[in-house]
Each structure stands twice: as structure tokens, then as C-alpha cells.
Amino acid sequence: MNMITNHLPTAELQALDAAHHMHPFTDANGLATKGARIITRGKGVWLTDSEGNQIIDGMAGLWCVNIGYGRKSLAEVAARQMEELAYYNTFFQTTHVPAIALAAKIAELAPGDLNHVFFAGSGSEANDTNIRLVRRYWQVKGQPDKRVIIARKNGYHGSTMGGGSLGGMSPIHAHGGMIDGIVHVDQPYWWGEGADMTEDAFGLERAKQLEDKILELGVENVAAFIGEPIQGAGGVIVPPATYWPEIQRICDKYGILLIADEVITGFGRTGNWFGSETFGIRPHIMTIAKGLSSGYQPIGGSIVCDDVAAVVAEGGEFFHGYTYSGHPVAAAVALENLRVIQEEGIIDHVRNVAHPYLKERWDALTDHPLVGEAKLVGLMGSIALTPDKAKRAKFASESGTVGFKTRERCFANNLIMRHVGDRMIISPPLVITTAEIDVLIERAKKSLDESYAILKAEGLMVAKAD
Ligand code: PXG
């Protein structure tokens, strides 16, 4: 067997990595100088690195390992499926049992009339599917000009050309451009952008931008709106309570399609199966990936409502699909993952145990001199670092300077807590226990204390001038 060993010394592995491996979203030269951290094992919420450190994974990998690492039953299902039928496609009027069973299971779990699944290999691919699906929908309905998709600044929908264009992150647009027919409105980020408005008024104001944009473009040109129930990669931005109901009202009023990107918020993260349930959103299409398989296999998809599926079917062949759409091993593993979530009552654990326990401790972090607001929905949380809480001030230093320094302290203390700009974010495996939450909070506090001392010493606790 060709086993990949963990036995080379760390420095040698790092040199090989730097020589041959191009990392996503990484400054290659910076990493080559420093050397990547090498993760070798995972169990539950714990990771081990090549130096033997025991790290608590406050991010569930990349927001995906919902059931925790090291689940034997998923490995067994994968092995069995590989022996039985390692691959077959779902093109040309063929199918297989894992894809059928997974589609049926997702349809059962998804709310309302979201009863159809188009499989992809990732969230980015699924969002590319969505762009083509919504444009095709309006074409078949005889309105081919309805092709513009409205999305949000600082939203994240992947990094393929389609996903990257839907996302509202200018550094991504700067590397390779954007596809046409996508426009962005402002995000519902009250802490950072709400100025003197109340949260509720600000939520309505930001939702109104969608209505204004539809009217500006002409409803006859608008296909859909896409948004994450909670922006994840943008910094765990939890919208004001008024935001989603108003977005829903506007989509209903103008009859445009609503796409909820549930790649992070799906499969228990917010304390329900889907974030749309938590926020009362009734989407026509949901994007899914990540927690669908808890990251054990790469798989994503679009959950599509009856009407959109029927109209697209009416149009005859839809010229779209991926070699690995509904891959049997990925589908079988995802199905086992959903069984584990359901039978172990993991979503009840989030709602009744982990969320309330963490919420009390997470909110208490606002007692720390560096921490402004704390947000936690289910097990998706963020804290805003600030030099002046009362003013919700930003730091004078370039955005991300303070966040990065704080993340470095977290890493040094064997806690994976990420930063987005000067917000710190967490999204731990949903199976985290109360004892493990204590460890997470203890390490977070220690890291904040150390970071605060460094910031004071370096003269960085300074607010940006208004
Ligand atoms: N939609 C959302 C809401 C996501 O969070 C994607 C789509 C794309 O999924 P794939 O499987 O193509 O990566 C994502 C992915 C980060 C980070 O830095 C977030 C994601 C991916 C990589 C990094 O927080 N989210």
C-alpha cells in the first residue's frame, strides 16, 4: 500500500510543501519562510499536529466537520461503497442507489417544497449551478432578459468564477475579474456600518437597498437574490432581526427567486437543520456543501423547489453537470453523516446544551477590554475587537492587523479561532461538550489577554479618527 506517512520531520515536510504545494488563499512566499502547520490526526473536536500539539478546533476545519473528526462509521461506509461501486455517473439516464437515497433524504429534511437536489462537488460549484439554474428558469418562462443576480458586499459564495462573482469581496474580483450580470448591495453589518441607527432600523434600511436595486435595474432584468442567512467568511455577520423578513417580503413582492446559501448554516450549525428555518426565510433554492458530509467527502448541491425544478424540466435538457455530481462514495458518506446527526440528536445538543452553555460564556467575553459585541447563533460566533467599545470604534491600524495578532496568540495557545479583519470567529464541531467549551473559552481568554498586552505595548490600542 502506498501510505502517506506522518513520519518525516516537520521541517522536511514543510520544505516539500513549500516546494510543490500551492495553497488556497495564501501568500506563498510568506508561508515558505514560516512553514505550514502540519495537521496529522483528528478526533472529536481535537487535532494533533506533527509536533504532537493537541489543538482544539474552534472552526470545525473550514466550518464543515459538524459531527467531529475520527468517525469510524463514515470510514466503513466509504470503504464498503468503494468496493461495491466506486464510481458511476448520473448523466445519460443512469443513476445509482447512494445518489437516490441521499436526494430523497435531503428532500425529507429540507423545509417547504424544496424537494429536488442537483449535486455538485463543492459549494462553489453548487453556486455556479444556481446561476445557470435561475437564468434557465426565466428563459424557459419566456423572460430571457431576467438574468441579473443581486448579492451582497462582503458575502462569500465560493471562489470559482461564478461563486467568486456572486461573493462581494473585492480582493477576489481583483484576481481574475467577474462574470457579467451580478450586482451587489450593502451588507447588514450593524456593528461596523450602522452608525447611529438602531439595529432594527438599519436592518430595514439595508434590506431596502434590494428593493431600490430591483427598481433601478428594472424587475424585468432581475433573476434572483442570493444571501447567506449569516455571513460566514465575511466575519459571522448576524443580520438585525428585521432584515430577512423584509428581504423575503421584497422577493415575494417582485417575484424574484431567492437563493439561501446554506453552505455554512446548513446541517445544524444554527440550531436547526437549516439557517433558513432559524431566520424564517423561504428560499426557492438552497446551496449546500460542507456539513452535508461533515467534510468527510467533497460534496455539495442545490436544493431546488418544486416550481423551479418543474420549469427547468419543461425546458428539456439542461446542459449542465459535473463528472462527480452525486458521486456514490461521497453520497453514501453524506447519508451516513445525516444518519449520525439525526440519530445522535446532535441538533438538539446544539440547541439545548452547547449553545446555551457557550452563549453565557461567549457574551461574557465582552467584559474583556478588547472585545466589543459578541454574537452567537447556534454554534456560529464572532466577537468584534475594538479600541473603544462605546463608540464601536475601528482601530487606527490597517483592518486585520489586530485580528491577525490575536489569531497568532490563539494558534500559540493551541486554539483554532480565526480572524476576519478585526473580528474573531468560531464555528466548532457541533458535538463539542461543555467541558470542551470550557477549554475553548479558557484559551480564548488567555489569547485575548496576551494580545491586549502586545497591542498596548506596541501602541495599537488606538481608534481610527471618524
Ligand atoms: N458558500 C458559502 C456560504 C461558503 O461559506 C462556499 C459557498 C464555497 O464552498 P466551497 O466548498 O467551494 O469552498 C463557502 C465556503 C473562510 C472560508 O476563510 C470559507 C469558505 C471556504 C474557504 C474558506 O472562512 N466557505
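The values are calculated or read from the model by the stated rules, or taken from the named source; none is laboratory data. All values reported here derive from a predicted model rather than from experimental measurement. Cβ sites come from the backbone with ideal geometry, for glycine too, and all protein chains shown count toward neighbours. Quick note on the areas: whole protein, heavy atoms, side chains included, nothing else; ligands and nucleic acids left out. Shrake-Rupley method; radii C 1.70, N 1.55, O 1.52, S 1.80 Å.
Things worth noting here:
- Of all beta bridges that DSSP places with both ends in the stretch 73-343, some 45 percent have antiparallel geometry.
- Loop-located GluC sites (Glu not before Pro) in the stretch 9-109, at most 16 other Cβ atoms within 10 Å (DSSP): GLU51
- Amide H contacts of THR40 (H built 1.01 Å from N, in plane; Pro and chain starts excluded): THR48, ASP49, SER50 sit under 5 Å, all sequence-distant by 5 or more or on other chains.
- In Å², nearest 10: area of CYS64 left accessible to a 1.4 Å probe: 20
- Within the stretch 424-451, backbone nitrogen closer than 13 Å to the virtual label 7 Å beyond the Cα of ARG339 toward Cβ: none
- For the stretch 261-274, putting each phi into the Karplus relation 6.51 cos²θ - 1.76 cosθ + 1.60 with θ = phi - 60° gives couplings of 7, 9, 4, 8, 7, x, 6, x, 4, 9, x, 10, 4, 10 Hz, in residue order, rounded to whole numbers and with x for Gly and Pro.
- Sequence-separation-based contact order of the chain, relative, with Cα cut under 8 Å and 6+ spacing, percent: 19
- Rounded to 5, the percent of DSSP beta bridges in the chain classed as antiparallel: 65
- Under the convention that each Lys and Arg Cβ holds +1 and each Asp and Glu Cβ holds -1, the size of the dipole of the chain around its Cα centre is about 460 debye.
- Remark: the LYS34-THR366 segment gains 116.2 nm on full extension, using 0.36 nm per residue and subtracting the alpha carbon distance.
- Across the stretch 87-238, the mean sequence separation of Cα contacts (distance under 8 Å, 6 or more residues apart), normalised by length, yields a relative contact order of 22 percent.
- If the chain linking ASP348 and ARG41 were pulled fully straight, counting 0.36 nm for each residue of separation and taking away their Cα-Cα distance, it would gain 107.8 nm.
- 19 Å Cα-Cα threshold exceeded, pairs from LYS389/LYS456; LYS153/LYS253; LYS405/LYS445; LYS359/LYS456; LYS34/LYS405; LYS146/LYS290: LYS153/LYS253; LYS359/LYS456; LYS146/LYS290
- Qualifying GluC sites (Glu not before Pro) in the stretch 327-429, DSSP loop, other Cβ atoms within 10 Å at most 13: GLU344, GLU398
- Here is the P(r) of the chain: all C-alpha pair distances, binned every 10 Å from 0, give 4, 19, 30, 28, 15, 4, 0 in whole percents.
- Dipole of the chain, positive direction: furthest Cα of ILE55, ILE425, VAL134, with charges on the beta-carbon: ILE55
- Solvent-accessible surface of the chain, taken per residue with a 1.4 Å probe and all protein chains present: 44 Å².
- Mean separation of Cα pairs under 8 Å and 6 or more residues apart, divided by the residue count, gives the stretch 73-343 a relative contact order of 29 percent.
- Amide H contacts for VAL185 (H built 1.01 Å from N in the peptide plane; partners 5 or more residues away or on another chain; cut-off under 5 Å): ALA151, ARG152, LYS153.
- Sparsely packed loop sites in the stretch 1-71 (the chymotrypsin sites (Phe, Trp or Tyr not before Pro) outside DSSP H, G, I, E and B with at most 12 other Cβ atoms within 10 Å) comprise PHE25.
- Expressed as a whole percent, the proportion of Cα-Cα pairs in the stretch 73-343 lying more than 35 Å apart is 15%.
- The heavy atoms of LYS389 present about 80 square angstrom of accessible area, all protein chains included, probe 1.4 Å.
- Dipole magnitude of the stretch 73-343 about its Cα centre (Cβ charges: Lys, Arg +1; Asp, Glu -1), debye to nearest 20: 320
- Cβ charges +1 (Lys, Arg) and -1 (Asp, Glu), total dipole of the stretch 415-466, debye: 100
- Solvent-accessible surface ranking, highest first, for TYR88, TYR322 at 1.4 angstrom: TYR88, TYR322
- Annotation: amide H of ASP261 within the under-5 Å range of GLY227, GLU228, THR287, sequence separation 5 or more or interchain, hydrogens built in the peptide plane.
- Stretch gain in nm, segment LYS464-THR26, where the contour uses 0.36 nm per residue and the Cα spacing is subtracted: 154.9 nm
- Residue-wise HN-Hα couplings along the stretch 53-62, as the Karplus relation 6.51 cos²θ - 1.76 cosθ + 1.60 with θ = phi - 60° gives them from phi, are 5, 9, 10, 8, 8, x, 10, 6, x, 10 Hz; Gly and Pro carry x.
- Across the stretch 365-370, coupling constants 3J(HN,Hα) worked out from phi with the 6.51/-1.76/1.60 Karplus curve, θ = phi - 60°, read 5, 5, 6, 6, x, 8 Hz, and Gly and Pro carry x.
- Theoretical ellipticity at 222 nm over the chain - DSSP helices of four or more residues, -39500 (n - 2.57) apiece, nearest 500: -12500 deg cm²/dmol
- On the stretch 73-343, 55 percent of the accessible area sits on carbon and sulfur atoms, based on a 1.4 Å probe.
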